[in-house]
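This report refers to the structure that appears directly beneath it.
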Amino acid sequence: MPPMTLPQLVPSRTCLQCDVCCRFPDPNSVLRPYFTEDEITRAMAEGVEGTVFPNHRGSQVLLVPDPLGDGYFCPAFDATTSTCRIYERRPLDCQLYPLALMWNQPHDQVLLGWDTKCPFMRGEIPGEIQRHAERVIALLDQPDLHGHVVAHPRLIGRFQEDVVVLARLPRLTESIAGQWGPTPLHRFTLEDIPRMTAALERSEWCHAQSLAAYAPAYHYMWNGLLAYWWMELQGTFCLFAQSPDGWFMPLPPIGTGPIDAPLSDAMELLYRWNGDSSVSRVENLPSQLAPELARLGYRVTPKEPDYLYRATDLAALAGDRYKSQRALCNRFEREQSCEVDAYQAGDLRDCRALLGGWSRQKQAEGLESFGAMLLADARSAHETIWSQAPDLRVTGKVVRVRGRLCAYTFGYWLTSTTFCVLLEVTDRTLSGLAQYLFRETCRTALAAGAEYINAMDDAGLPGLRRSKQAYHPAMLIPNFVAFPARES
Ligand code: SF4
């Protein structure tokens, strides 16, 4: 059990006047407080509804909408008095604030920092911040609190650029890494791309009509947002992703031979790392594996399929069914004179500026909250692709209109006959540009031997689904996710 109260840096009277803490703009905010099992029990004893904790073994709290329509509250927050109803028994996560525990960017060191989102800290950084941090570090080193954090690694958030680092916490890092088990767990780095590629080539899961997820770049690009790790289990390559909610497998074990033994080992590790949280799962299961996992007792559910097109169809855009896309391409060619070039490292700054403008355009169009979240998350993935495309075996094209970079796209070869379109960003004010760039990409791929174009899934976004359907896919590649049967 942690001590009931950590020393507080921000005076109570300041906190009471502040309108930032305990309120969140988004119902799925990653900053929602995390309650451990003991903390949930205590909060419920204080009258907080048990239904706001999705997992009573430890979970981030579910937020409640502000009745005035101004965002969301922590359910323990009393909006009439602007106070916490369980202040004396609030969770460690809240006691630490404005300090925060987080991973460093490569996700191999636990850090203590202070959050610049706290208005008090923004005003004038208190002189005693370092001494305060040292007091907190000393408490975190005490066995009971240390054990509490190690038992609940989700108390450690992902790296946030707006949290100023005060100290590294090597003892905590070591204890948490020690929980990962006897088989070495490795960060998934650029050096591991050939290893994963070789495992995919040996397996039967990577062929012309496979999911786009059966390629290293698809996962590696999210390394800035999630932490990817790999491990060898029973001769298979097992990829793990560590999200703020816990660990999951973005792919089943990759190898030859039966999957049940390596998968069972991998699941044991997920139980160990996540407890019985429903975050434990295997994603991107091909249809061949779904019945096998169902037979093994997993709960298998479908997720959004990949869209697979014939390259000849998309390169030609012939016939009535492509009339509207063809008209938009023609319009773009008629109205604009453009240059299409291979992406070069020197284009990075212009791509960054385009992505910023494109995000603003999308936001102005009024995105649903999931779409907005995807957009915010996408930035680090685009940065990874811009800076590491050749190492990831990803190729890109840029389009310039009157010298200004106004579109880019990146993709990779899944097999020698299937090209996957990974990213496409275009200036939305230029009518027909998106259709023109997509057709150019397909034409280039066709000339290089593509039979199929895989345009990934639609992330469940209705607008994206409509535009992907409008290109008449040759097939939708089924995709499944499997949850272990003993999920709570
Ligand atoms: S538990 Fe209390 S201090 Fe923590 S977010 Fe909820 S209302 Fe705020």
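From the list Y309, Y298, exactly one residue is among the aromatic types (F, W, Y) and touching a His at 6+ places or on another chain (Cβ under 9 Å). Which is it?
None of the other options fit; the residue is Y309.
Please enumerate the residues belonging to the range 331-344 that are within 15 Å of R443 (Cβ to Cβ) and of a type outside the set (D, E).
F332, C338, V340, A342
Please specify each residue of the range 168-184 satisfying the condition of being more than 19 Å from P143 (Cβ to Cβ) and crowded, with 16+ Cβ neighbours inside 10 Å. Walk me through how you get there before you give the answer.
Filtering the range 168-184 down to residues more than 19 Å from P143 (Cβ to Cβ) leaves 168, 180-184.
Within the range 168-184, W180 is the sole residue that qualifies.
Looking only at strands (runs of 3 or more DSSP E) that lie completely in the range 229-325, which have at least 2 residues being in contact with a Ser or Thr (Cβ under 8 Å, 6 or more places away or on another chain)? Talk me through it step by step, then tell me what you get.
Numbers: elements: 236-243, 246-248, 282-285, 299-310.
Filter on the range 229-325 gives 246-248.
Which count do you get for residues in the range 46-65 that are touching a strand residue (DSSP E or B) at 6+ places or on another chain (Cβ under 6 Å), away from the ligand (no atom under 13 Å from the Cβ) and touching a residue at least 40 places away in the same chain (Cβ under 8 Å)?
1
What's the number of the condition R465 fails, among (1) open to solvent by 10 Å² or more (accessible area, probe 1.4 Å); (2) over 30 Å from G246 (Cβ atoms)?
The number of the failed condition is (2).
Residue-by-condition table, conditions (1) more than 30 Å from E201 (Cβ to Cβ); (2) open to solvent by less than 10 Å² (accessible area, probe 1.4 Å); (3) in the same structural domain as Q344 (by TED's automatic domain parsing):
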position	(1), (2), (3)
V398	yes, yes, yes
R402	yes, no, yes
C406	yes, yes, yes
E424	no, no, yes
L430	yes, no, yes
Q435	yes, no, yes
A448	no, no, yes
L461	yes, no, yes
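Yes or no: the range 115-132 includes at least one residue that is open to solvent by 50 Å² or more (accessible area, probe 1.4 Å) and touching a helix residue (DSSP H, G or I) at 6+ places or on another chain (Cβ under 7 Å).
Yes - at least one qualifying residue is present in the range 115-132.
Considering only residues that are open to solvent by 70 Å² or more (accessible area, probe 1.4 Å) and more than 10 Å from the ligand (Cβ to nearest atom), look in the range 25-45 and name the one that is nearest to the chain's Cα centre (by Cα). Give the steps one after another, and end with the answer.
Initially, the range 25-45 is screened for residues open to solvent by 70 Å² or more (accessible area, probe 1.4 Å), giving 25, 28, 30-31, 37, 41, 44-45.
Of the ones still in play, those that are also more than 10 Å from the ligand (Cβ to nearest atom) are 25, 28, 30, 37, 41, 44-45.
On the way: P25: 19, N28: 13, V30: 11, E37: 25, T41: 30, M44: 31, A45: 34 Å.
Ranking the qualifying residues of the range 25-45, first place goes to V30.
Need the failing condition index for T83 against (1) touching a residue at least 60 places away in the same chain (Cβ under 8 Å); (2) under 27 Å from Q130 (Cβ atoms); (3) open to solvent by 10 Å² or more (accessible area, probe 1.4 Å); (4) within 12 Å of the ligand (Cβ to nearest atom), just the number.
(2)
Among L96, L101, which is the only one that is more than 15 Å from A43 (Cα to Cα), hydrophobic (A, V, I, L, M, F, W, C) and away from the ligand (no atom under 14 Å from the Cβ)? Before the answer, list the steps.
Numbers: L96 fails: away from the ligand (no atom under 14 Å from the Cβ).
Unique residue meeting the criteria: L101.
Report yes if L111 is touching a Lys or Arg at 6+ places or on another chain (Cβ under 9 Å), crowded, with 17+ Cβ neighbours inside 10 Å and in a strand (DSSP E or B), otherwise no. Explain how you work it out, then say what you get.
On the way: touching a Lys or Arg at 6+ places or on another chain (Cβ under 9 Å): yes; crowded, with 17+ Cβ neighbours inside 10 Å: yes; in a strand (DSSP E or B): yes.
For L111, the condition - touching a Lys or Arg at 6+ places or on another chain (Cβ under 9 Å), crowded, with 17+ Cβ neighbours inside 10 Å and in a strand (DSSP E or B) - is met.
The values are calculated or read from the model by the stated rules, or taken from the named source; none is laboratory data. None of the values given here were measured: they were computed from a predicted structure. In this analysis, Cβ positions are derived from the backbone assuming ideal geometry, glycine residues included, and neighbour counts consider all displayed protein chains. For the accessible areas, the whole protein counts, side chains as well, though only heavy atoms, and no ligand, DNA or RNA atoms are used. Shrake-Rupley method; radii C 1.70, N 1.55, O 1.52, S 1.80 Å.
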